[in-house]
1. Find the residue count for region 153-171, including only residues that are part of a helix (DSSP H, G or I) and in contact with an Asp or Glu (Cβ under 6 Å, 6 or more places away or on another chain).
2. State which residue pairs qualify: first residue over 17 Å from GLN182 (Cα atoms) and inside region 237-248, second residue surrounded by 10 or more Cβ atoms within 10 Å (Cβ to Cβ) and aliphatic (A, V, I, L, M) in any location, beta carbons under 6 Å apart, and separation of 6 or more residues or different chains.
3. Go through region 140-158 and give me each residue that's free of Cβ contacts under 8 Å to residues at least 60 places away in the same chain, closer than 13 Å to ASN187 by Cα and buried (at least 21 other Cβ atoms within 10 Å of the Cβ).
4. Looking only at region 90-149, which residues are among the β-branched types (Val, Ile, Thr) and out of contact with any Asp or Glu (no Cβ under 6 Å at 6 or more places or on another chain)?
5. Restricting to region 190-214, what's the tally of residues that are surrounded by 14 or more Cβ atoms within 10 Å (Cβ to Cβ), assigned to a helix (DSSP H, G or I) and of a type outside the set (D, E, K, R)?
6. Would you check if there is a residue in region 69-80 being over 20 Å from LEU4 (Cβ atoms) and among the acidic types (Asp, Glu)?
7. How many of the residues in region 96-117 are surrounded by 14 or more Cβ atoms within 10 Å (Cβ to Cβ), more than 20 Å from SER240 (Cβ to Cβ) and in contact with a Gly (Cβ under 7 Å, 6 or more places away or on another chain)?
8. Which residues, counting only those in region 10-51, are part of a helix (DSSP H, G or I) and not charged (D, E, K, R)?
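Quick note: the coordinates plus some simple rules give every number you see, no bench work behind them. The structure presented is a predicted model; accordingly, all values stated were derived computationally and were not measured. No Cβ is skipped: glycine too gets one built from the backbone with ideal geometry, and neighbour counts run over all protein chains shown.
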Amino acid sequence: MIDLHCHILPGIDDGAKTMDDSIAMARLAVAEGITHILATPHYKNNRWSNEKSAVLQGVQAVQKELDKREIPLILFPGQEVRIVGELMQDISENKIQFIDEENQYLMIEFQTATIPAYTDFLFFNLQKKGVTPIIVHPERNYALLKNPTILLNLIQKGALAQLTAGSYVGTFGKKIQQFSEQLIAANLVHFIASDAHNITTRAFHMKDAYQKLEKEFGKEKVIHFKQVTKDLINGERINSILPSEIKKTKFLGLF
């Protein structure tokens, strides 16, 4: 199993605080059947600015400890990039760590409550340069909860989206869980990742999420989601399924 969103690097954001925390997270990941993790510390998330060079150093340090302790887990460098107006400049200055070695896929985080007005323009410029933006945890964005059509429009224009395992199994509450299920049904998310920060309040939940996915959507959906994660890390073309619109429900109006 591959996890493409995890805050396992120690002491650089709101994830693991120490190397011991990182090791504990790694052991829990392995116990769930995870073999590869994309380390995605926050970038320009108001409090943290983990540039590419720092991420590479952090991954190297943690991987060294994992190998020394014979923990069978492989880390890759990544970032959870907060959407900012100067992103194209940051890319040109080599501050950004993409998912894949060919710099084709990039994890993009929106603020919790809003979608910036310049999102369409920025995504268009990214795609002109051959970069596919991946919207992380759209199920936890209040603007998308209120109006899922915003996400549909972005997906129809070529963006991808990542669902958080904990959201799908209910750790963020019933409303977000229901919205997660609707996003899967409408093909508005393309894979599951943990967004794990620790081993207690923000753990992996990947095994439970895949079991639930198979029960509710069938084995083929599980196979498809897992294939997408492999294709992303390998820089391969993603075969996505045509998305559809989510009808507004009563709970969406509560946000």
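1. Adding up the residues that qualify gives 2.
2. ILE238/VAL228
3. LEU151, LEU154
4. Across region 90-149, the qualifying residues are ILE91, ILE99, ILE108, THR112, THR114, ILE115, THR119, VAL131, THR132, ILE134, ILE135, THR149.
5. 4
6. Yes - at least one qualifying residue is present in region 69-80.
7. 1
8. Answer for region 10-51, where residues must be part of a helix (DSSP H, G or I) and not charged (D, E, K, R): MET19, SER22, ILE23, ALA24, MET25, ALA26, LEU28, ALA29, VAL30, ALA31.
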